[in-house]
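The values are calculated or read from the model by the stated rules, or taken from the named source; none is laboratory data. Only a predicted model underlies this, so the values are computations on that prediction, with no experimental measurement involved. Here Cβ is always computed from backbone atoms with ideal geometry, including for glycine, and neighbour counts include all displayed protein chains.
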Amino acid sequence: MQRVRAGFVKIESATGWLGLAAVSVGVVLAVCCTAWAIHEGVPYPLAIMVGYCTVIGSACFCAALLAIQRNAAKTTPASTKRGPNYAAWKLVSKLRISDASRLWCDIEPGWPATQESTAWGIAMLDAVKRGELRTIASAGAGQAAGGQEQRNANWSTEIGRDALISWAKAHGHSPRFLQK
């Protein structure tokens, strides 16, 4: 009995409660169905074979669950996340607000935004709308389009590096990607 208990503890430690539940339900189902089949007159070898296949099926389900859990643990963004390439980003003269807000929080643009980077992005959008942070007009756009861009700033609005540096200094900040 101790060996059976130790086996279940080992399964639970490897796969968690879901894997333990899969194996436990498989074993209980196999024993009950085998006993029921024998009671109904099914030949012993056939009933035992079906019970054995049920146990093996639940063990395979548990092994698949373990493989999925281990694969998911390897591919989580948090485990592979690295900081931005500051040397490259310091050479960029204009940034979209979404990229600047992520870089402000040491997140590589393209990675999911955090609450902190969203807050900085909103602060930049607000600064653009108030006229504190100048935007870069699209190529070929006239003066009227620049005012339109300022009034309707969004996450894709482009701002110049120098304007962002001035805005950051005016508010007492010096994020790493803006430092020389």
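Things worth noting here:
- For beta carbons closer than 7 Å, sequence separation of 6+ or different chains, a first residue in the stretch 35-56 that is free of Cβ contacts under 8 Å to residues at least 40 places away in the same chain and a second that is loosely packed, with under 11 Cβ neighbours inside 10 Å, the qualifying pairs are 38/44.
- Among residues of the stretch 154-180 that are farther than 13 Å from residue 135 by Cα and buried (at least 18 other Cβ atoms within 10 Å of the Cβ), those with a Cβ under 8 angstrom from a residue that is of a type in the set (Val, Ile, Thr) and modelled with pLDDT under 95, sequence gap 6+ or separate chain, pair up as 178/165.
- Extreme residue, surrounded by the most Cβ atoms within 10 Å (Cβ to Cβ), among residues of the stretch 129-149 that are in a helix (DSSP H, G or I) and at pLDDT below 80: 149
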